[in-house]
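Here is the structure we will look at, set down as structure tokens.
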Amino acid sequence: MPLPLNLNLLRSLEALLETRNLTHSADRLGLTQSAMSRHLVQLRAQFQDPLLLREGQRFVLTERAEELRLGLKTVLEQVERLYQPPQFDPAVCEREFSFAGSDYLAEYMLPDILDRVLPQAPDMRLKFLPWQAGRFDMLVDGSADLVSTIADEVPDNIYGKSLGQDQPMCVMADDHPLRNKPALERDDYLAWPHARVSSASDKDGFVDIQLAQQGQSRQIRIATPYFVSALSIVSRSQLLLTLPEHLAIRFQRQFPVHAKPMPFIDYTYRYWLLWHGRADKDPAHRWFRGHVFDVLHHSIHGVSKYSENA
């Protein structure tokens, strides 16, 4: 049984069938005439047919060679297309992208993402999914194309791009007794009850870990899965809420709350945009995640740093 042809032999076969001349075929492909002669020998063995027969000063094609000549061009064009990088035109994109994140992202950043992508891809569809900390299986099983989250480690085959980092801050009502203290201390933090956001990325679990290592704990009075709910509760109570700096600064401008640094807690939030490795080279996915990255990156870095006078 003949062995499968390699692409180089197919190229040589095409040149031989078109030029019917060893020298011209070799010149076309940048080969020596002796190399082209060897290719012809291999081709004859592969097809069990002489393919080219010498008649005087020229070659003529056998019946088998004529059959091959008619279909070979189409075959080679198909092979060429296999090696061409896939093309993506957002103007004709009808794909649905699924994106997982927090309710904060959905409320404050999703509109900006849509403002960027929909004018370019008017037929694109977007499905936003609630994200739970550590649920990387959403990327593995394909239920989410992209995830925005805080992560210190990610599983194998999960690709990502860093969105930046910041520090934790303590948010309290504007009229909270701690509001005018020059600095927030650990004892102050532990003396008052707390609220926490229970969904999305782990925004404050590190606090409880560090406190437990020192034999201490805080009083969690209420947990809610929504940021706006947590801020509304904190703004009208004496509860404390631990949030990343860029969120605390944004909410400080929208709610009657005040944010203070937490120097007694050693932690850095690291933000990532994550996707599965199987989509890394997909041009449509690269286009979409590029726009998402730009919006999220600006949201994190576009917020001015904390000031006591803010």
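Out of the residues in the range 78-93 meeting the condition of being in a helix (DSSP H, G or I) and open to solvent by 80 Å² or more (accessible area, probe 1.4 Å), tell me which one is modelled with the highest pLDDT.
Taking the range 78-93 and keeping what is in a helix (DSSP H, G or I), we get 78-83, 90-92.
Narrowing further to those that are open to solvent by 80 Å² or more (accessible area, probe 1.4 Å): 78, 80-83, 92.
Details: Q78: 77, E80: 74, R81: 71, L82: 67, Y83: 69, V92: 93.
By that ranking, first place goes to V92.
Quick check on my filter: what residues within the range 103-157 are assigned to a helix (DSSP H, G or I) and either in contact (Cβ under 8 Å) with a residue 24 or more places away in the chain or under 21 Å from Q167 (Cα atoms) (or both)?
Residues of the range 103-157 assigned to a helix (DSSP H, G or I): 103-108, 110-117, 137-140.
Correct list: D103, Y104, L105, E107, Y108, D112, I113, R116, V117, M138, L139, V140.
The set of residues in the range 54-77 being touching a Leu at 6+ places or on another chain (Cβ under 8 Å) and either assigned to a strand (DSSP E or B) or open to solvent by 60 Å² or more (accessible area, probe 1.4 Å) (or both) consists of F59, V60, L61, R64, R69, V75.
In this structure, does L163 turn out to be under 13 Å from the mean Cα position of the chain (by Cα) and open to solvent by less than 20 Å² (accessible area, probe 1.4 Å)?
Details: under 13 Å from the mean Cα position of the chain (by Cα): yes; open to solvent by less than 20 Å² (accessible area, probe 1.4 Å): yes.
So L163 fits the description; yes.
Given the condition of a type in the set (F, W, Y) and farther than 23 Å from E77 by Cβ, answer yes or no: does some residue in the range 46-60 qualify? Yes, some residue in the range 46-60 is of a type in the set (F, W, Y) and farther than 23 Å from E77 by Cβ.
Run down A173, A144 and say which single residue is over 26 Å from R270 (Cβ atoms) and either in contact with a Cys (Cβ under 6 Å, 6 or more places away or on another chain) or crowded, with 20+ Cβ neighbours inside 10 Å (or both). Before the answer, list the steps.
Numbers: A144 fails: over 26 Å from R270 (Cβ atoms).
The unique qualifying residue is A173.
The criterion of being in contact (Cβ under 8 Å) with a residue 12 or more places away in the chain and closer than 30 Å to K127 by Cβ does not hold for G290.
The values are calculated or read from the model by the stated rules, or taken from the named source; none is laboratory data. From a predicted model like this one, the values you see are computed outputs, not experimental measurements. Note that each Cβ is placed from the backbone with ideal geometry, even for glycine, and that neighbours are counted across all protein chains shown. We work out accessible area using only protein heavy atoms, side chains counted, and drop any ligands, DNA or RNA first. Shrake-Rupley method; radii C 1.70, N 1.55, O 1.52, S 1.80 Å.
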